[in-house]
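Reading through the C-alpha cells given below for one structure.
The values are calculated or read from the model by the stated rules, or taken from the named source; none is laboratory data. Just so it is clear, the model here is predicted, and its values are computed rather than measured. Cβ atoms come from the backbone with ideal geometry, glycine included; neighbour counts cover every protein chain shown.
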Amino acid sequence: MDTLVDNRAEIWEGFRLTLWLLLTSGVLATLLGTVLGSFRVSPVPTLRWIGTSYVNVFRNTPLVIILVMSAAFWPTLGFNDVGFFGYNTFVTFAILGLGLYTAAFVCEAVRSGINSVATGQAEAARSVGMTFAQSLRLVVLPQALRAVIPPLTSIYIALAKNTSITAIVGVPEAAYVMRRLSNKFTSDVYAIFFGIAAGYVVLVLVLSVLLRLAERRLAVAR
Amino acid sequence: MRFTRTKAAVGALALGLSLAACGSDSSSTEVEVAEDPAFDEGTTMAELSDAGSIRIGVKVDQPGIGFQEPGADAPTGFDIEIARIIAAGLGIEDDGIEWIETVSDNREPFLENDTVDIVVASYSITEERRQLVGQAGPYYVTGQQLLVREDDKETITGPEDLEGSNVCSVTGSTSLDRMVDEYGSEPVPFATYSECVEQLKNESVDAVTTDGAILLGYAAEEPDELEVVGEAFSEERYGVGYSKGDTEFCQYITDTVQAAMDDGTWAEAFEATLGESGVDTPEPPQMDPCE
Amino acid sequence: MTAALFDVPGPQSRRRAAIGTIVAAVLAAALVGLVGWKLYREGEFEAELWQDLGQPNIARAVWLGLVSTLSAAAVAIVLSVIFGAVLAIARLSDHRVLRIPAAIVVEFFRAVPLLLLIVFVFFGFNNLFSDYWSLVLALMLYNGSVLAEVFRAGINAVPRGQSEAAYSVGMLKSQVMSSILLPQAVAIMLPAIISQCVVVLKDTALGVIIAYGDLVFQANLIAEFVDHTIVPLALAALIFIVINYALSRLAVWLEARFARRGRTSAGAARPTDMQLAPTAGGAGD
C-alpha cells in the first residue's frame, strides 16, 4: 500500500494521460463516427459504400495493429513531430489510432440509433418538404440520441480501457506506470495491480454515471 | 531478475526470417575443429564428442548476436561464434550443430529438461539463475548504453545529455526506468527494439537504450546512420548455460573459451559480428571459476 | 427506416445523387491515391519487399502465428463460456453469499483493461503461467465476465412458463437450471457468443506485450526483417478482417435463423447493456 501512496504523483501522471487520451480520442471518434453513420444511411451509394468499408475494416482489425501502424504510418507521410498541448508526437499518433478505431463502433451505434427512430417521424419530415440533411439533423438525430447513449456508454468504457494498449506504442500512461512500478518494487506487485485496476474501475464507474445522467437529461418524450 | 530487457525482442516461434539484403556475408570466423579430442569416460564432453552432434539454444532475432536469415542453414552472430568454438573443441563440425531457438523465458526450462545441451543466447549471469542452471563465463560483458543517430554522436555522449529528451526502449524494461529515474528523460515505450530503432531513424526519438550488445547489433546493420555512444552505465555479464552441477562440463567450457580469448579467435569473432558497427574490439573479460 | 429518409428519387434527386456519387468517389480516390503515392515514394512498395515476403520462411511464420492466435482464441472461448455460465448461475442464485461475490467479480473484470490482466497474470505469480496460459486465463476472466451478463439476460429471457412447468413437476432449482434453462439460453445466446469470439480473436493480439508468438507478433517480426512496417502489418490486418467478418456474418445469420424459428433473441439481447447486441458488434473492446 505504501508503494501506491509514495508514488501517487507518478500514478496520477499516468492517469492524467489516460484521461487526455480518452477525451481527445472520444471527441474524434464521436465526430467521425457520426459523419460515417450518416454516410451509411445516405442516398448516395458511394457514401454508403465508404461507410460500410470503413466499418468492416476498422471493426475487425485488432487495435494493436492499428496503433502500431499509426506510429509507423504518419511519419512515412511526413508527420513526425506533431505533438500538441504539451504532449509529444506519440500521443498524437495514439489519439489518431484510437479515434479511427472507435469511430467505426460509434458509426454502428449511430446507425442503429437512427434506425430505431420510428419511420413515421422521417415520413412526416419528408412530407413537410425537408431534405435528407434537414430531416436527419432536425428530426431524426435528436431522437436517435436517446437510443444511442446506451451503446455509446459501452463504447466509451471500452475506449477508456483501450487507452492502456498505447503503452506499447510510446505512450507512458497508467498501464505503463503499472509495469514500471512492478519492476521497481517487485514485492508489491499485487498492491500495484489492484491499485491501478481500482483507478480504472473508478474511471469506468464515473463514465457510466455521467452518461446515464446525460441520457436522462436528453430523454425526448415520445 | 524477474524481467529481462530482452524479453520482448524474442523470436518466439518463427524460424529463419529474412533481413532484406542487409546481412554481411563474412560474418563467421574460421574455427579449427579439434581432430580427435579425448575426454574422460562418462563426461558430457565425451558423450557429445562421440555422438558428433550437439544441441545449442540461441536467439535468432538479435542482429549481430544471434540472427538467422532466410534460406541460411544457420544463424550468425557473436553468440553463434562462441557456440561454434565450444562445439569445435568437442570435434563437432558446423553441420553437427543443431541450433534451437530460445526465448528469454525458456532458457532455464530447456536446460532443465534436456531440450538443449548448452545455451548461448545473450544469457546474463545472475544469482537467481545460478540456482536453477549452471552458467559459465562471462564470455562478454556489456551494460546499458545508448544508440543515437550518426549526426548526434557529438552532442549526445552519455545519458546526462538526454534530460528531457525522448528515449525509447521496450515497455517495462529496466533500462528505460533507469533513464527516467536517474537522468530525467521522457520515456517512449514500444513492444520491440526494432520499432524503437525505426522511431530513432524517423527522428521521433533521440536515443534507444538497452544492453550495448543488442544496440551494437543494430548499429552493425547501418554503421553509417547509427552509432552506439557513451560508457556502459550498468553491467550485464553474458554466460554459457549448462545443466546445473556438471562441473567438468563447466571447466571444459571455461577452458575452451579462455583459449579462444588467448589466441585471438575471440577477437576475430567479435570483429566479424558486432565489430561491424565500427566499435573497437574490447578486451576479453575475466571469467568466473567453476564451482 | 433509412428508406423513409428519402423518397424514391425523382429526376432532380437522381441527378443530385449522381453528382454526389461522382464527387465522393473522386475525392475518395484522390485521397487514397495521394496516400498510396506518398507511400510508394517512401519505398513501402518496392519490389525487394515483395521478393522477401515471398520467401517460404515468411509463409511459415505467418502460418505459425495464425495457428497460435487461433489456438489461444479457441481455448479461451471454451473456457470463457464455462466460466461465464458458472458466474451467471452464481449471480442468479438465491443465496446472497454466491450472488454478491459473483457480481463483484463480474463488474471488476469488466472494468479492468485486459492488458493489465494479462501482465498481472504473467508476472504476478512467479512465472507460474507460461505466456500462452497467461493470455488464455486473462481472456477467460474478461470474456467470461462479459458472457456471464449475456447468459444472465438469456436465462431471464427463456419464457417463464418453462421454469414454472419444471418447478410444478417437482424439479429442484439446480435441475431446472441445468436441464431446462441453460440449454435454451445457450441456443438463444449463440449469436452473442459468436460475436464474443470476434472480440477474443482481436484480443489475442495483446499477447505481444508478453511476447506470445501470435499473428501480430509474427507480423512485427516480419516487418523488422524486411525493414518495412506498413505492408506486413496491413496483410496481417487483412487476415483478421477476413476471419472476423466471416464470424460476424455467421452471427447475423444465426440471429435471423433463430428469429424465424420464433426464439426471439432480440428481446433478450437488447437489455440496457448494449454489450450484448450481436449485430452491433460489441463496443470496441
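In the range B:70-113, what count of residues is obtained for those that are more than 14 Å from every other protein chain (Cβ to nearest Cβ), of a type in the set (D, E), surrounded by 19 or more Cβ atoms within 10 Å (Cβ to Cβ) and out of contact with any strand residue (DSSP E or B) (no Cβ under 7 Å at 6 or more places or on another chain)?
1
Exactly one of (1) modelled with pLDDT of 90 or more; (2) more than 14 Å from chain B (Cβ to nearest Cβ); (3) out of contact with any Cys (no Cβ under 9 Å at 6 or more places or on another chain) is unmet by C:I77. Its number?
Going through the list (1) modelled with pLDDT of 90 or more; (2) more than 14 Å from chain B (Cβ to nearest Cβ); (3) out of contact with any Cys (no Cβ under 9 Å at 6 or more places or on another chain), C:I77 breaks only (3).
Listed residues A:R111, A:R126; which is of a type in the set (K, R), in a helix (DSSP H, G or I) and either touching a residue at least 60 places away in the same chain (Cβ under 8 Å) or more than 7 Å from chain C (Cβ to nearest Cβ) (or both)? Don't jump to the end; show me each part of the working.
Working: A:R126 fails: either touching a residue at least 60 places away in the same chain (Cβ under 8 Å) or more than 7 Å from chain C (Cβ to nearest Cβ) (or both).
None of the other options fit; the residue is A:R111.
Every residue in the range C:51-74 that is within 11 Å of another protein chain (Cβ to nearest Cβ) and not aliphatic (A, V, I, L, M), please.
C:Q51, C:D52, C:G54, C:Q55, C:P56, C:N57, C:R60, C:W63, C:G65, C:S68, C:T69, listed by residue number.
Which ones in the range A:133-174 are small (G, A, S) and in contact (Cβ under 8 Å) with a residue 60 or more places away in the chain?
Result: A:A160, A:S164, A:G170, A:A174.
Out of (1) modelled with pLDDT of 85 or more; (2) surrounded by fewer than 16 Cβ atoms within 10 Å (Cβ to Cβ); (3) within 30 Å of C:Y132 (Cα to Cα), the odd one out for C:G54 is which?
Of the numbered conditions (1) modelled with pLDDT of 85 or more; (2) surrounded by fewer than 16 Cβ atoms within 10 Å (Cβ to Cβ); (3) within 30 Å of C:Y132 (Cα to Cα), the odd one out for C:G54 is (1).
Could you list, in sequence order, the residues of the range B:170-194 that are among the small types (G, A, S) and within 14 Å of chain C (Cβ to nearest Cβ)? Lay out the reasoning, then the answer.
Just the residues of the range B:170-194 that are among the small types (G, A, S), to begin with: B:172-173, B:175, B:184-185, B:191, B:194.
Matches in the range B:170-194: B:G172, B:S173, B:A191, B:S194.
List every residue pair whose Cβ atoms sit under 9 Å apart, with the two residues 6 or more apart in sequence or on different chains, where the first one lies in the range C:136-152 and is farther than 15 Å from C:L117 by Cα and the second, anywhere, is among the acidic types (D, E).
From the range C:136-152, the pairs are C:E149/C:D273; C:V150/C:D273.
Can you pull out every residue in the range B:197-212 that is within 11 Å of chain C (Cβ to nearest Cβ) and part of a helix (DSSP H, G or I)?
B:V197, B:E198, B:Q199, B:K201
When you scan the range C:177-189, do you find a residue that is closer than 28 Å to C:A256 by Cα, within 14 Å of chain A (Cβ to nearest Cβ) and either in contact with a Phe, Trp or Tyr (Cβ under 6 Å, 6 or more places away or on another chain) or surrounded by 24 or more Cβ atoms within 10 Å (Cβ to Cβ) (or both), even just one?
Kept after step one, since they are closer than 28 Å to C:A256 by Cα, are these residues of the range C:177-189: C:177-189.
Subset that is within 14 Å of chain A (Cβ to nearest Cβ): none.
No.
Would you confirm, using the coordinates I've provided, whether C:A17 is within 32 Å of the chain's Cα centre (by Cα) and either within 7 Å of another protein chain (Cβ to nearest Cβ) or buried (at least 19 other Cβ atoms within 10 Å of the Cβ) (or both)? Steps first, please.
Values: within 32 Å of the chain's Cα centre (by Cα): no; either within 7 Å of another protein chain (Cβ to nearest Cβ) or buried (at least 19 other Cβ atoms within 10 Å of the Cβ) (or both): yes.
So C:A17 fails the test.
Search the range C:87-135 for residues being in contact (Cβ under 8 Å) with a residue 40 or more places away in the chain and hydroxyl-bearing (S, T, Y), and hand back the single one that is farthest from C:V176 (Cα to Cα).
Only one residue tops the list, namely C:Y132.
In this structure, is A:I157 under 21 Å from the mean Cα position of the chain (by Cα), in a helix (DSSP H, G or I) and among the β-branched types (V, I, T)? It would help to see each step written out before you state the result.
Values: under 21 Å from the mean Cα position of the chain (by Cα): yes; in a helix (DSSP H, G or I): yes; among the β-branched types (V, I, T): yes.
When the stated conditions are applied, A:I157 passes them.
Residues are listed down the side, and each one gets a yes or a no for (1) of a type in the set (A, V, I, L, M, F, W, C); (2) over 19 Å from the mean Cα position of the chain (by Cα); (3) outside any helix (DSSP H, G or I); (4) surrounded by fewer than 21 Cβ atoms within 10 Å (Cβ to Cβ):
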| site | (1), (2), (3), (4) |
| --- | --- |
| A:V5 | yes, yes, no, yes |
| A:E10 | no, yes, no, yes |
| A:F15 | yes, no, no, yes |
| A:L19 | yes, no, no, yes |
| A:S25 | no, no, no, no |
| A:W49 | yes, yes, no, yes |
| A:V55 | yes, no, no, no |
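Considering C:L215, C:L182, C:L254, which residue is within 30 Å of C:Y132 (Cβ to Cβ) and modelled with pLDDT of 85 or more?
On the way: C:L182 fails: modelled with pLDDT of 85 or more; C:L254 fails: modelled with pLDDT of 85 or more.
Every option except C:L215 fails the conditions.
Residues that are more than 9 Å from every other protein chain (Cβ to nearest Cβ), surrounded by 14 or more Cβ atoms within 10 Å (Cβ to Cβ) and more than 30 Å from A:S42 (Cβ to Cβ): does the range A:152-170 have at least one? Please lay out each step first, then the result.
Residues of the range A:152-170 more than 9 Å from every other protein chain (Cβ to nearest Cβ): A:166.
Those left that are additionally surrounded by 14 or more Cβ atoms within 10 Å (Cβ to Cβ): A:166.
Still in the running and more than 30 Å from A:S42 (Cβ to Cβ): A:166.
The answer is yes; a qualifying residue exists.
I'd like to verify a number: residues in the range B:119-129 that are in contact (Cβ under 8 Å) with a residue 12 or more places away in the chain and surrounded by fewer than 24 Cβ atoms within 10 Å (Cβ to Cβ), how many?
Let us first name the residues in the range B:119-129 that are in contact (Cβ under 8 Å) with a residue 12 or more places away in the chain, namely B:119-126, B:128-129.
In the following step, the residues that additionally are surrounded by fewer than 24 Cβ atoms within 10 Å (Cβ to Cβ) were identified as B:124-126, B:128-129.
Adding up the residues that qualify gives 5.
Any idea which residue in the range A:193-222 is nearest to A:S154 (Cα to Cα), counting only those that are at the interface with another protein chain (Cβ under 9 Å from one of its Cβ atoms) and touching a residue at least 24 places away in the same chain (Cβ under 8 Å)?
A:V204
Is it the case that A:T46 is away from chain C (no Cβ under 14 Å), farther than 25 Å from A:V201 by Cα and among the β-branched types (V, I, T)? Break it down into steps so the answer makes sense when it comes.
Values: away from chain C (no Cβ under 14 Å): no; farther than 25 Å from A:V201 by Cα: yes; among the β-branched types (V, I, T): yes.
The answer is no for A:T46.
Output the residues belonging to the range A:66-84 that are assigned to a loop (DSSP other than H, G, I, E, B) and either touching a residue at least 40 places away in the same chain (Cβ under 8 Å) or of a type outside the set (F, W, Y) (or both). If you could, list the steps in order and put the result at the bottom.
So the first thing to find is which residues in the range A:66-84 are assigned to a loop (DSSP other than H, G, I, E, B), and the list is A:78-84.
A:G78, A:N80, A:D81, A:V82, A:G83 - these are the residues of the range A:66-84 that are assigned to a loop (DSSP other than H, G, I, E, B) and either touching a residue at least 40 places away in the same chain (Cβ under 8 Å) or of a type outside the set (F, W, Y) (or both).
Please find, within the range C:102-161, the residue that is farthest from C:L79 (Cα to Cα) out of those that are among the hydroxyl-bearing types (S, T, Y) and crowded, with 21+ Cβ neighbours inside 10 Å. Walk me through how you get there before you give the answer.
In the first step, residues of the range C:102-161 are kept if they are among the hydroxyl-bearing types (S, T, Y); the result is C:130, C:132, C:134, C:142, C:145.
Those left that are additionally crowded, with 21+ Cβ neighbours inside 10 Å: C:134, C:142, C:145.
Working: C:S134: 13, C:Y142: 11, C:S145: 11 Å.
Checked the range C:102-161; the qualifying residue farthest from C:L79 (Cα to Cα) is C:S134.
Test each condition in (1) hydrophobic (A, V, I, L, M, F, W, C); (2) more than 7 Å from every other protein chain (Cβ to nearest Cβ); (3) over 28 Å from C:R152 (Cα atoms) for C:V200 and report the one that comes out false.
Of (1) hydrophobic (A, V, I, L, M, F, W, C); (2) more than 7 Å from every other protein chain (Cβ to nearest Cβ); (3) over 28 Å from C:R152 (Cα atoms), only one is false for C:V200: (3).
Return the pairs, sorted by first residue and then second, in which the second residue is surrounded by fewer than 18 Cβ atoms within 10 Å (Cβ to Cβ) and modelled with pLDDT of 85 or more, the first residue lies in the range B:94-108 and is assigned to a helix (DSSP H, G or I), the beta carbons are less than 8 Å apart, and the residues are 6+ apart or on different chains.
B:G96/B:G52; B:G96/B:S53
Each row is one residue, and each column tells you yes or no for (1) over 25 Å from C:L70 (Cβ atoms); (2) at pLDDT below 90; (3) of a type outside the set (S, T, Y).
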{"site": "C:I104", "(1), (2), (3)": "yes, no, yes"}
{"site": "C:P113", "(1), (2), (3)": "no, no, yes"}
{"site": "C:L116", "(1), (2), (3)": "no, no, yes"}
{"site": "C:V119", "(1), (2), (3)": "no, yes, yes"}
{"site": "C:F125", "(1), (2), (3)": "yes, yes, yes"}
{"site": "C:V146", "(1), (2), (3)": "no, no, yes"}
{"site": "C:V150", "(1), (2), (3)": "no, yes, yes"}
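I'd like to know if the range A:177-192 contains one or more residues that are surrounded by 21 or more Cβ atoms within 10 Å (Cβ to Cβ), assigned to a loop (DSSP other than H, G, I, E, B) and more than 9 Å from chain C (Cβ to nearest Cβ). Steps first, please.
To start, the set of residues in the range A:177-192 that are surrounded by 21 or more Cβ atoms within 10 Å (Cβ to Cβ) comprises A:177-182, A:189, A:192.
Next, only the ones that are assigned to a loop (DSSP other than H, G, I, E, B) stay: none.
Looking through the range A:177-192, none of the residues is surrounded by 21 or more Cβ atoms within 10 Å (Cβ to Cβ), assigned to a loop (DSSP other than H, G, I, E, B) and more than 9 Å from chain C (Cβ to nearest Cβ).
Looking at the range B:137-164 only, could you name the residues that are surrounded by fewer than 22 Cβ atoms within 10 Å (Cβ to Cβ) and within 30 Å of B:P289 (Cβ to Cβ)?
B:V141, B:G143
Residues B:V116, B:V167: which one is buried (at least 16 other Cβ atoms within 10 Å of the Cβ), at negative phi and not in a loop (DSSP other than H, G, I, E, B)? Break it down stepwise before answering.
Details: B:V116 fails: not in a loop (DSSP other than H, G, I, E, B).
After applying the criteria, what remains is B:V167.
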